[in-house]
1. Averaged per residue, what accessible surface does the range 108-180 expose to a 1.4 Å probe, in Å²?
2. Just how many % of Cα pairs in the range 79-233 lie over 27 Å apart, if you round to the nearest whole percent?
3. Just subtract the alpha-carbon distance of C219 and V32 from 0.36 nm times their residue separation and send over the number in nm, one decimal.
4. Along the range 55-67, what does the Karplus equation 6.51 cos²θ - 1.76 cosθ + 1.60 (θ = phi - 60°) give for ³J(HN,Hα), rounded to whole Hz, x for Gly and Pro?
5. Summing Lys, Arg as +1 and Asp, Glu as -1, what charge do residues with Cβ under 15 Å from the Cβ of N182 carry, N182 excluded?
6. Calculate how large, on average over all directions, the projected area of the Cα convex hull of the range 31-151 is; give the answer in nm² to one decimal.
Amino acid sequence: MEPCPLNIVVNLDALLGELQRSLQWTINLVSVALKVQVSPDDNSQLRLPLGTFATTFDQRLLWTPTEAMEHHRNWILSNGFRDAIEGLSLFVESAHEVLSYWKLAEQQQGGIQLRGEDWNREIVSGEKSFHRLGLPDKFTHLQREHAVSPEATLLRQILSVNSARNCLVHRNGVVTEKDITNEASLNVEWRKLVTLLKDEDGEHDLVLGRVIEKDSWLCIKGVDHCTSFRLGERITFTTQEFADVTWGLFLFGSDLVQKISTVGLSKGFIKERDQPAPESVQPGGPRAN
């Protein structure tokens with residue numbers, strides 16, 4: 001059989017779009033769920049909407065409506081947080097798939113005639129092996145095998161968010177010895193957007209309703225933030241913190257796609273006009289009242 005050249009076209013805008021869609025999906029669900037209200041006088045709302053009789057397994061968990069709303073809010077944000085980082089992990093797998101295609105294309109450019117076993121090794125088996133890796137090992141693989149290194153601070157922040165996700169999923173959000181990153185606490189970091197006023201005296205927090213007495217400029221910038229949870233403490237996030245974390249995940253994804261774009265340019269797989277265009281993104285998601 002006559003050999004056929006392998007032709008691969010990659011759209012890096014679609015790669016970043018995958019992450020954006022995943023984050024927006026999670027934000028939409030969290031936003032809707034946070035608007036659910038329970039009547040303070042109706043305990044029947046703690047039952048499933050079924051036509052048959054309700055089953056109660058533990059009388060100690062017959063919450064008041066107020067207790068139910070507080071637990072519900074924490075549950076929503078924790079699950080949204082978990083879904084957001086899991087969506088990022090799937091995005092990283094798609095990024096690895098792009099790099100695996102380019103690895104085969106680079107071998108072909110070097111004069112190697114690709115065979116079915118090459119495809120199976122890099123794409124079929126390679127993707128399965130990559131999927132089984134934890135998130136930290138995924139990034140190690142990208143650096144070692146494909147020379148793609150995310151920006152160091154953003155990577156550290158993503159790994160700290162993933163540590164919080166692991167605690168939420170495997171230990172019900174209670175920090176144990178397995179989770180601590182700094183002596184007796186779990187540090188969770190992210191980059192958030194803040195709005196400031198800048199005048200002749202420097203930068204100041206913007207306070208809605210306060211009269212501005214000097215000529216000032218409205219500034220928006222990214223600020224690195226860290227929050228700590230002590231050993232034995234339960235991880236909880238506010239609505240604003242959830243919004244800020246999702247923004248940090250998007251920034252990381254944008255940085256990773258740019259790093260991949262640089263690799264593609266250097267090897268001739270994409271041209272300058274094919275680089276991912278800046279996306280129109282409104283920061284924040286759910287905002288705190």
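The values are calculated or read from the model by the stated rules, or taken from the named source; none is laboratory data. Computed from a predicted model, the values in this text were never measured in an experiment. Quick reminder, even Gly has a Cβ in these numbers, built from the backbone with ideal geometry, and neighbours come from all protein chains shown. Calculation scope for accessible area: heavy atoms of the full protein, side chains included, ligands and nucleic acids excluded. Shrake-Rupley method; radii C 1.70, N 1.55, O 1.52, S 1.80 Å.
1. Numbers: 4060 Å² over 73 residues.
Value returned for the range 108-180: 56 Å² of accessible area per residue.
2. 47 percent
3. Taking C219 through V32 to full extension adds about 64.3 nm, to one decimal.
4. Calculated HN-Hα couplings, in order: 10, 10, 8, 9, 5, 6, 9, 7, 5, 6, x, 5, 5 Hz.
5. That sum, taken over residues with Cβ under 15 Å, equals -2.
6. Computed as one quarter of the Cα hull surface, the answer is 13.1 nm².
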